[in-house]
Amino acid sequence: MEIEANDLLLFARIVEEGSFSKAAQRLSIPKSTLSRRISVLETQLGERLLLRTTRKLSVTDLGMSVLHHAQQVEEEVNATLALTQHRQLEPTGRLRISMPGDFANQEMTSFLCSFMQRYPSISLEVDLSPRRVDLIGENFDVAIRVGDLPDDATLAARRLAVFTVGLYASPKYVARRGLPSEPEALMEHDALRLLARNGEAAAWQLSRQQEQWSGIPPGRATANSPELLMRLALSGNGIMMLSDNFAHSYLNTGELTRILGDWHCEDVHVWAVFPGRRLMPARTRVFLDALQDSFNERCKKANNKA
């Protein structure tokens, strides 16, 4: 025999209100529905819980015993609702996040610091491994992903930013090897290449208005760490693809120079990916909103500088 907890709550409300009519009105359900649910409950228990006359509603001995348990259920439900409301007002708990390590170091450190100060009741657990984690299977709340996303009906995504990308090298490299005059000349230069997920060097795809060029220049070094490639470029070891947003400070200090400035690489999209569920924990919601605001502000500043 399985008893519906909701039927116990309905029973408790009837006793509290003193009549079916008042309880039905309070609960905003038809009186007939309420009466039917109590009849089902009485049938399951094998005894009457209430004795009804035209003038009076009485609780039987069994009804009094059941009422005690029903009130306990009601208290637990109210406590759960209170806890949920509190968590919505003040997000708490552990937030599991996955993101590429280089991206975290280059783009996320200051944001994470400010977020932790703003929400002291949220604890962060950040995975910086380069693999794409299974969000649902490994119980992650959010993943920051760069590039194209595979189709996955179980996940939802929010685009955070679109970074323009160009080719950069240090003045030391340019002094030693010169500047390529066109994309095809890159085949005679040293490239610092990013390793794609298939284990091969990612192709360089450049465009200038209607012109297109694609190729894989000879690799002086190939790695799956943009941060490492950038340090190699700063040391004069070759040409690399780098987001214009991140290269800006190095251009100002003269540590990097733009290569083939009128040609552009493919834009890079940054996404926040999360389980596609309707009821999102408050800690996840405030993290996504704060993250979106942070990227919007950075893009706005970048546009103003441009």
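Values as computed for the structure displayed
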| read-out | value |
| --- | --- |
| Acute angle (nearest 10 degrees) that the helix 5-17 long axis makes with the longest principal axis of the chain, alpha-carbon atoms | 50 degrees |
| Rounded FRET efficiency, nearest 0.05, which uses the C-beta distance separating residue 131 from residue 153 and R0 of 30 Å | 0.90 |
| Charge dipole (the chain, unit charges on Cβ, about Cα centre) - positive-most of 3, 112, 288 | 3 |
| Cα-based helix-to-principal-axis angle, 31-45 vs the chain, degrees rounded to 10 | 80 degrees |
| Backbone N under 17 Å from the residue 3 label point (7 Å along Cα→Cβ), restricted to the stretch 49-84 | 49-51, 59-77 |
| Percentage relative contact order, the stretch 116-262, counting C-alpha pairs under 8 Å, at least six apart | 30 percent |
| Average accessible surface area per residue within the chain, 1.4 Å rolling probe, Å² | 58 Å² |
| Computed over the chain, Cα set: Rg, Dmax in Å | 31.2, 103 |
| Per-peptide average of other Cβ atoms within 10 Å, ordering 62-70, 165-173 highest first | 165-173, 62-70 |
| Rg(Cα)/(2.2 N^0.38 Å) for the stretch 1-150, N = residue count | 1.72 |
| Approximate shape of the stretch 230-305 as ellipsoid semi-axes (Cα gyration tensor, √5λ), whole Å, largest first | 34, 14, 12 |
| Beta bridge orientation in the chain: antiparallel %, DSSP, nearest 5 | 70 percent |
| Relative contact order [Cα under 8 Å, 6+ residues apart], the stretch 29-176, whole percent | 18 percent |
| Beta bridge orientation in the stretch 136-243: antiparallel %, DSSP, nearest 5 | 60 percent |
| With Cα atoms, 0 to 90° folded angle of helix 244-253 axis to the chain main axis | 50 degrees |
| Rg and Dmax of the stretch 129-178, Cα atoms only, in Å | 18.0, 52 |
| Cα shape, the stretch 169-236, gyration tensor, a/c 1.5 rule | oblate |
| Cα-centre dipole for the chain with unit charges at Cβ (Lys and Arg positive, Asp and Glu negative), debye to 20 | 800 debye |
| Within a Gaussian network of the chain (alpha carbon springs, distance under 10 Å), most fluctuating of 253, 284, 222 | 253 |
| Sequence-distant lysines (8 or more away, or on other chains) whose Cα lies within less than 26 Å of residue 31 | 22, 56 |
| Relative packing of peptides 260-272, 29-41 - highest average C-beta neighbours within 10 Å first | 260-272, 29-41 |
| CD proxy at 222 nm, helix term only [per DSSP H run n ≥ 4: -39500 (n - 2.57); per residue of the chain; nearest 500] | -13000 deg cm²/dmol |
| Gain in span if fully extended, residue 40 to residue 300, counting 0.36 nm per residue against the direct Cα distance | 87.4 nm |
| Listed residues 15, 273, 174, most fluctuating in the chain (Gaussian network, C-alpha, under 10 Å) | 15 |
| Shape category assigned to the stretch 91-150 from the gyration tensor of Cα positions, a/c cut at 1.5 | oblate |
| Dipole moment magnitude, nearest 20 debye, the stretch 1-53 about Cα centre, only Lys, Arg, Asp, Glu C-beta charged | 320 debye |
| Mean Cα-pair separation over length for the chain, i.e. relative contact order, pairs under 8 Å, 6 or more apart, % | 20 percent |
| Partners for residue 172 among aspartates and glutamates (Cα-Cα distance below 16 Å; same-chain residues under 8 apart left out) | 190, 255 |
| Tensor-based shape of the stretch 123-209 (alpha-carbon gyration tensor, a/c under 1.5 rounded, otherwise prolate or oblate) | prolate |
| Distance in nm between pseudo-label sites at residue 205 and residue 114 (7 Å out along the Cβ direction from Cα) | 3.3 nm |
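The values are calculated or read from the model by the stated rules, or taken from the named source; none is laboratory data. As the structure is a prediction and not an experimental result, all values here were calculated from the model. Cβ sites come from the backbone with ideal geometry, for glycine too, and all protein chains shown count toward neighbours. Areas reflect the complete protein model, heavy atoms only, side chains present, ligands, DNA and RNA absent. Shrake-Rupley method; radii C 1.70, N 1.55, O 1.52, S 1.80 Å.
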